[in-house]
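Please read the structure below before turning to the comments.
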Amino acid sequence: MIRHIITRQSNSIVGNVTQSEIRPACQRKKFKLESLACSLSKKSFRVVLFDARSPSEALPEGVEFIQGDVRDFTQVVNALRGADCVFHIASYGMSGREQLNRKLIEEVNLQGTENVIQACVDLQVPRLVYTSTFNVVFGGQVIKNGDETLPYLPLHLHPDHYSRTKSLAETRVLKANGSHLAGEGGVLRTCALRPAGIYGPGEERHLPRIVGYIERGLFKFVYGDPESLVEFVHVDNLVSAHELAAEALTDKRQHRAAGQAYFISDGRPINNFEFFRPLVEGLGYSFPKLRLPVSLIYFFAFLTEIVHSVIGRVYNFQPLLTRAEVYKTGVTHYFSMEKARAELGYNPKKYDLGEVVEWFRSRGHGKKQVTSPIKKLILDAVLFLIFVALVLSFLPVVGQ
């Protein structure tokens with residue numbers, strides 16, 4: 001039997017995999033961790049989920065849960081013991097106000113990754129699959145059909161600390177490829193997957209936040225060039241990519257993926273807002289007609305982050321958007337899947353948002369309710385701040 005381990009830590013996931021057993025752990029889901037665990041368990045792998053919080057759903061037979069924190073080396077060692085492969089999905093600070101918590105971002109993304117690598121070496125775990133991000137090469141510049149030959153974005157150009165630390169962590173994981181395992185344990189083989197924005201029924205990070213904005217009446221405008229293109233990846237395609245990557249690190253596949261990074265998406269670039277149109281209209285809401293420039297929304301996000309830095313410790317409010325989110329949703333960036341197809345055998349299936357719409361409907365979401373006075377006040381305040389940002393953007397710079 002092979003043992004796989006997946007670790008997650010509230011907005012972070014780490015996993016280890018062997019052919020006889022699987023263990024997962026996470027802090028908060030980037031994608032539905034249980035989807036990977038269930039898929040592996042169906043193939044007779046033993047799976048262990050290592051997470052800071054209990055699974056949201058009952059786990060199938062053959063999947064074990066261990067509660068813990070990826071920042072604690074001892075807990076990581078206990079979770080990964082006996083694994084043949086580790087899926088390190090753990091991360092923190094991907095979106096929203098979490099992007100502004102630099103301390104926790106570093107603890108999870110950097111120290112957590114070091115803990116996983118060291119545990120793999122000490123416990124003689126031969127395979128490590130790291131879940132990275134498009135952001136290691138993207139920071140607001142236009143990228144069309146980019147590939148893995150693109151250099152890492154210089155750290156000082158990243159608009160957010162999450163992307164910066166993910167870049168450092170990916171570099172560390174790939175550098176660890178070829179490391180000698182403890183004793184006579186052989187060699188560690190590592191690779192990294194760089195997924196696009198994740199969607200699918202039960203995705204817990206982005207979609208609920210988007211639906212929440214829609215239902216509160218905050219989705220009143222779109223922004224950026226209507227021809228701008230971004231990418232998404234369905235959770236099932238991402239699960240498939242992880243399984244293929246783990247297999248491509250084995251002797252049987254001649255360690256084909258060892259030391260390599262791969263962009264992973266559905267392979268269908270689309271305008272960010274047009275992608276979500278079926279969700280908006282499928283829940284009975286009107287799609288916004290107002291379109292604003294990216295520069296204006298970026299400036300508004302910048303002001304919001306400044307306000308959060310001042311009052312965040314007293315009132316940790318959720319920013320409507322961060323600067324990094326503006327770039328990720330409003331600036332063209334999409335990548336070639338050719339390397340993943342050729343070396344992993346990755347062949348993404350076609351999905352749409354129909355199943356996502358039905359998932360939200362089944363949980364009571366749908367046609368817009370009458371906005372309460374308080375919600376209307378908040379919306380008016382947000383629109384006023386955007387107006388102020390627009391006015392300030394046209395004012396002359398002092399001293400010029």
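Regarding segment 324-345, can at least one residue be identified that is touching an Asp or Glu at 6+ places or on another chain (Cβ under 8 Å) and modelled with pLDDT under 95?
Looking through segment 324-345, at least one residue is touching an Asp or Glu at 6+ places or on another chain (Cβ under 8 Å) and modelled with pLDDT under 95.
Report yes if some residue within segment 167-186 is under 30 Å from VAL294 (Cα atoms), in contact (Cβ under 8 Å) with a residue 24 or more places away in the chain and in contact with a strand residue (DSSP E or B) (Cβ under 9 Å, 6 or more places away or on another chain); otherwise report no.
There is at least one residue in segment 167-186 that is under 30 Å from VAL294 (Cα atoms), in contact (Cβ under 8 Å) with a residue 24 or more places away in the chain and in contact with a strand residue (DSSP E or B) (Cβ under 9 Å, 6 or more places away or on another chain).
If I go through segment 68-81 residue by residue, how many of them are under 21 Å from PHE45 (Cβ atoms) and polar (S, T, N, Q)?
The number of residues fulfilling the criteria is 1.
Can you tell me which residue among GLY183, GLY200 is at pLDDT below 95, open to solvent by 20 Å² or more (accessible area, probe 1.4 Å) and over 19 Å from PHE335 (Cα atoms)? Spell out how you get there, then give the answer.
Working: GLY200 fails: open to solvent by 20 Å² or more (accessible area, probe 1.4 Å).
Going through GLY183, GLY200 in turn, the sole match is GLY183.
What number of residues in segment 336-351 are under 22 Å from PHE276 (Cβ atoms) and loosely packed, with under 13 Cβ neighbours inside 10 Å?
2
Condition first: open to solvent by 20 Å² or more (accessible area, probe 1.4 Å), among the hydroxyl-bearing types (Ser, Thr, Tyr), under 30 Å from GLU355 (Cα atoms) and not in a helix (DSSP H, G or I). Now tell me which residues in segment 281-331 satisfy that.
Across segment 281-331, the qualifying residues are TYR285, SER286.
Can you tell me which residues in segment 241-275 are in a loop (DSSP other than H, G, I, E, B), under 24 Å from VAL356 (Cα atoms) and open to solvent by less than 50 Å² (accessible area, probe 1.4 Å)? Spell out the reasoning first.
Kept after step one, since they are in a loop (DSSP other than H, G, I, E, B), are these residues of segment 241-275: 248-259, 265-269, 271.
Checking the rest, the ones that are also under 24 Å from VAL356 (Cα atoms) come to 265-269, 271.
Passing the criteria: SER265, ASP266, GLY267, ASN271.
Tell me whether segment 230-240 contains one or more residues that are assigned to a loop (DSSP other than H, G, I, E, B), open to solvent by 30 Å² or more (accessible area, probe 1.4 Å) and out of contact with any His (no Cβ under 6 Å at 6 or more places or on another chain). Show your work before the answer.
Just the residues of segment 230-240 that are assigned to a loop (DSSP other than H, G, I, E, B), to begin with: 231.
Subsequent filtering for residues that are open to solvent by 30 Å² or more (accessible area, probe 1.4 Å) retains none.
No, segment 230-240 contains no residue that is assigned to a loop (DSSP other than H, G, I, E, B), open to solvent by 30 Å² or more (accessible area, probe 1.4 Å) and out of contact with any His (no Cβ under 6 Å at 6 or more places or on another chain).
Does at least one position in segment 138-151 carry a residue that is crowded, with 22+ Cβ neighbours inside 10 Å, closer than 21 Å to GLU325 by Cα and touching a Lys or Arg at 6+ places or on another chain (Cβ under 9 Å)?
Yes: one or more hits.
Here are VAL48, VAL125: which of them is farther than 27 Å from ARG209 by Cα, of a type outside the set (Phe, Trp, Tyr) and modelled with pLDDT under 90? Spell out the reasoning first.
Working: VAL125 fails: modelled with pLDDT under 90.
Just one listed residue meets the conditions, VAL48.
The values are calculated or read from the model by the stated rules, or taken from the named source; none is laboratory data. None of these values were measured; they are calculated from a predicted model. Don't worry about glycine lacking a Cβ; one is built from the backbone with ideal geometry, like all the others, and counts go over all protein chains shown. With ligands, DNA and RNA removed, areas are computed over all heavy atoms of the protein, side chains included. Shrake-Rupley method; radii C 1.70, N 1.55, O 1.52, S 1.80 Å.
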